[in-house]
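Structure, as structure tokens:
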Amino acid sequence: MAYNWDWGVFLQPTASGDDTYLGWMIYGFKMTIGLSLAAWVLALLIGALVGVLRTVPNKWLSGIATAWVELFRNIPLLVQLFLWYFVLPELLPESLGNAYKQSNPVVQQFLAALLCLALFTSARVAEQVRSGIHSLPPGQKNAGLAMGFTLPQTYRFVLLPMAFRIVVPPLTSEFLNIFKNSAVCSTIGLLELAAQGRQLVDYTAQPYESFIAVTLAYLIINVVVMFGMRWVEARVRVPGYIGGK
Amino acid sequence: MHEFDWSSIPGSLPFLWQGMLVSLKITGVAVVFGIVWGTVLAMARLSSIKPLAWLAAGYVNLFRAVPLVMVLLWFFLIVPQLLESLLGMPAGTDMRMSSAITGFALFEAAYYSEIIRAGIQSVSKGQMAAASALGMSYGQSMRLVVLPQAFRNMVPLLLTQGIILFQDTSLVYVSALADFFGAAYKVGDRDGRLVEMLLFAGAVYFVLCFVASQLVRHYQKKLKTA
């Protein structure tokens, strides 16, 4: 097979001349990281809230929380992304929709991608939080109530401090997933890592170098997140508890 | 506010159905291939032959670290070219469908292999020892004793993964294949009715996946009480 390997391609100036292809890759890398981290923070906040609501005795609250989880878990990520990006602006009140459509396209793409990843992941986080709370012996809740705590106090001082620590290891895989899922956002034109890789294939004649670089970048993200989370897991581990080892 | 107009849906139903068939076909092939190849990978990973175990672990970890979109792009943009030049096929042979399905199946096999590995490990060690004591070879005890029990425990997880896989098939959009989602997008784009078609597609996916996951949950409960 005659293929001219040329790793120097990354140092060549791009077609518009104001950047190198390496610069494009770095831009995409930053976009992937920034988008994923921002979405992760939102997903943790929403997911923790929804997960707690799923366990409360109030039928309405737990019903809404269950509907939330089922809704975001049963529609493919790509469809959700397109709904946020193409459909939501049309359904907003006209003035708001128009303001959105006239804003910078990169801002539009980023907001849609952020919303989509955050809500999609929040449903998964909520499931982990729920199973974390359910994994606590029922005696803990009863003991809290017997001590005269109100239900919110029982959650605040008894259940959640344990549940949030137990739930950290299973959240690692969701954290890894959010970086991988962010690649889907290339479909709406957001120039993150996968999109830049694809762009390089179009602009240069070096598809292999470009794809290998992007794949390696994802592997690096994966390894860094895994070691980071292992450190966090070791810090929050509940001594003597199942899964605490 | 948007004026809804759902009139482009009835006329495009046959086209959308064709797309759904493509989605289901990809799902079916990937589930069957994923489980078979995933079982081989899981057994390799648990094997006492170290290099084999390392290779399988490397494969699984690689595919689990890379986004599905990237895998599909590899198999859509790079692999067909590679095959063309390696096998000397005429340029422009349409391999999109087969290439996308292959990439998809190879990717999903990594996830299946993790489920199957956990399933095999959940079978108590005594079963393997008992099979050996009865004079069965390794292959016989795997096939006749361990795997049947492992798969029985795994059925709900394998089905759930099948639902996830069905949702993932929408990503073949990046390879310009007309699956259900691609078909809905095309119709919406053609008629200027993207809002309606995307909402319709979302509703269809939701109903299918929700019903399927409820069935799996029901089955899981039955399995527990049995």
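To keep it simple, each residue is scored yes or no on (1) at pLDDT 90 or above; (2) over 22 Å from the mean Cα position of the chain (by Cα); (3) closer than 19 Å to A:LEU77 by Cβ; (4) of a type outside the set (Asp, Glu).
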position: A:TYR100; (1), (2), (3), (4): no, yes, no, yes
position: A:LEU119; (1), (2), (3), (4): yes, no, yes, yes
position: A:VAL168; (1), (2), (3), (4): yes, no, no, yes
position: A:LEU190; (1), (2), (3), (4): yes, no, yes, yes
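Looking only at residues in segment A:11-24 that are in contact (Cβ under 8 Å) with a residue 40 or more places away in the chain and touching a Ser or Thr at 6+ places or on another chain (Cβ under 8 Å), which one is farthest from A:VAL201 (Cα to Cα)?
Of segment A:11-24, the ones in contact (Cβ under 8 Å) with a residue 40 or more places away in the chain are A:12, A:14-15, A:21, A:24.
This time we only want the ones that are touching a Ser or Thr at 6+ places or on another chain (Cβ under 8 Å), so: A:12, A:14, A:21, A:24.
On the way: A:GLN12: 14, A:THR14: 12, A:TYR21: 11, A:TRP24: 12 Å.
Result: A:GLN12.
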Fill in the blank from the handout: For helices (runs of 4 or more DSSP H) lying entirely in segment A:3-103, having 2 or more residues that are more than 13 Å from chain B (Cβ to nearest Cβ) picks out A:21-55, A:59-73, A:94-102
Fill in the blank from the handout: Quick count over segment A:119-140, residues being assigned to a helix (DSSP H, G or I) and touching a Gly at 6+ places or on another chain (Cβ under 9 Å), is 13
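Is there a residue in segment B:26-39 that is exposed (fewer than 15 other Cβ atoms within 10 Å of the Cβ), of a type in the set (A, V, I, L, M, F, W, C) and away from chain A (no Cβ under 14 Å)? Can you show your working first?
First pass over segment B:26-39, keeping only residues exposed (fewer than 15 other Cβ atoms within 10 Å of the Cβ): B:28, B:32, B:36.
Among the residues that remain, those that are also of a type in the set (A, V, I, L, M, F, W, C) are: B:32, B:36.
This time we only want the ones that are away from chain A (no Cβ under 14 Å), so: B:32, B:36.
Looking for residues that are exposed (fewer than 15 other Cβ atoms within 10 Å of the Cβ), of a type in the set (A, V, I, L, M, F, W, C) and away from chain A (no Cβ under 14 Å), one finds at least one in segment B:26-39, hence yes.
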Completion exercise
A:THR32 fails exactly one of (1) surrounded by fewer than 17 Cβ atoms within 10 Å (Cβ to Cβ); (2) touching a Phe, Trp or Tyr at 6+ places or on another chain (Cβ under 9 Å); (3) of a type in the set (Ser, Thr, Tyr), namely (1)
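In this structure, is A:PHE227 assigned to a helix (DSSP H, G or I), within 15 Å of A:ILE33 (Cβ to Cβ), within 14 Å of chain B (Cβ to nearest Cβ) and hydrophobic (A, V, I, L, M, F, W, C)?
On the way: assigned to a helix (DSSP H, G or I): yes; within 15 Å of A:ILE33 (Cβ to Cβ): no; within 14 Å of chain B (Cβ to nearest Cβ): yes; hydrophobic (A, V, I, L, M, F, W, C): yes.
No.
Looking at segment A:158-177 only, could you name the residues that are touching a helix residue (DSSP H, G or I) at 6+ places or on another chain (Cβ under 8 Å), under 20 Å from A:GLY240 (Cβ atoms) and not charged (D, E, K, R)? Lay out the reasoning, then the answer.
Taking segment A:158-177 and keeping what is touching a helix residue (DSSP H, G or I) at 6+ places or on another chain (Cβ under 8 Å), we get A:158-160, A:162-172, A:174-177.
In the following step, the residues that additionally are under 20 Å from A:GLY240 (Cβ atoms) were identified as A:158-160, A:162-170.
The answer is A:VAL158, A:LEU159, A:LEU160, A:MET162, A:ALA163, A:PHE164, A:ILE166, A:VAL167, A:VAL168, A:PRO169, A:PRO170.
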Handout entry: Wholly enclosed helices (runs of 4 or more DSSP H) of segment B:120-226 bearing at least 3 residues touching a residue at least 12 places away in the same chain (Cβ under 8 Å), out of contact with any Pro (no Cβ under 6 Å at 6 or more places or on another chain) and at the interface with chain A (Cβ under 10 Å from one of its Cβ atoms)
Key = B:147-168, B:180-191, B:194-225
Completion exercise
A:LEU88 fails exactly one of (1) crowded, with 21+ Cβ neighbours inside 10 Å; (2) within 24 Å of B:LYS186 (Cα to Cα), namely (1)
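Keeping to segment B:183-194, report how many residues are surrounded by fewer than 21 Cβ atoms within 10 Å (Cβ to Cβ) and in contact with a helix residue (DSSP H, G or I) (Cβ under 7 Å, 6 or more places away or on another chain). Write out each step before concluding.
Taking segment B:183-194 first, the residues surrounded by fewer than 21 Cβ atoms within 10 Å (Cβ to Cβ) are B:186, B:189-194.
Applying the additional criterion that residues be in contact with a helix residue (DSSP H, G or I) (Cβ under 7 Å, 6 or more places away or on another chain) yields B:191, B:193-194.
Qualifying residue count for the region: 3.
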Exercise for the section: Kindly check whether there is at least one residue in segment B:95-104 that is part of a helix (DSSP H, G or I), within 14 Å of another protein chain (Cβ to nearest Cβ) and either out of contact with any Pro (no Cβ under 9 Å at 6 or more places or on another chain) or within 27 Å of B:MET43 (Cβ to Cβ) (or both). Expected result: yes
Practice task
Give just the number: which of (1) in contact with a Phe, Trp or Tyr (Cβ under 8 Å, 6 or more places away or on another chain); (2) farther than 27 Å from A:SER186 by Cα does B:SER23 not satisfy?
Solution key: (2)
Practice task
State which residue is nearest to the chain's Cα centre (by Cα) when the search covers only segment B:198-226 and only residues that are crowded, with 16+ Cβ neighbours inside 10 Å and among the aromatic types (Phe, Trp, Tyr).
Solution key: B:TYR205
Problem - Selection from segment A:177-208 of residues that are small (Gly, Ala, Ser), more than 9 Å from every other protein chain (Cβ to nearest Cβ) and either surrounded by fewer than 20 Cβ atoms within 10 Å (Cβ to Cβ) or without any contact (Cβ under 8 Å) to a residue 60 or more places away in the chain (or both) - result: A:GLY189, A:ALA205
Completion exercise
Scanning segment A:164-201 for residues that are within 25 Å of A:MET25 (Cα to Cα) and of a type in the set (Phe, Trp, Tyr) gives A:PHE175, A:PHE179
Exercise for the section: Kindly indicate whether any position in segment A:209-221 is surrounded by 16 or more Cβ atoms within 10 Å (Cβ to Cβ) and of a type in the set (D, E, K, R). Expected result: yes
Fill in the blank from the handout: If we keep only residues of segment A:62-77 that are surrounded by 15 or more Cβ atoms within 10 Å (Cβ to Cβ), of a type outside the set (D, E, K, R) and over 16 Å from B:LEU199 (Cβ atoms), then the residue farthest from the chain's Cα centre (by Cα) is A:SER62
Practice task
Identify all residues within segment B:65-89 that are under 18 Å from A:SER210 (Cβ atoms) and in a loop (DSSP other than H, G, I, E, B); write none if there are none.
Solution key: B:VAL66, B:PRO67
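The values are calculated or read from the model by the stated rules, or taken from the named source; none is laboratory data. Computed from a predicted model, the values in this text were never measured in an experiment. Glycine also receives a Cβ, built like all others from the backbone with ideal geometry; neighbour counts cover every protein chain displayed.
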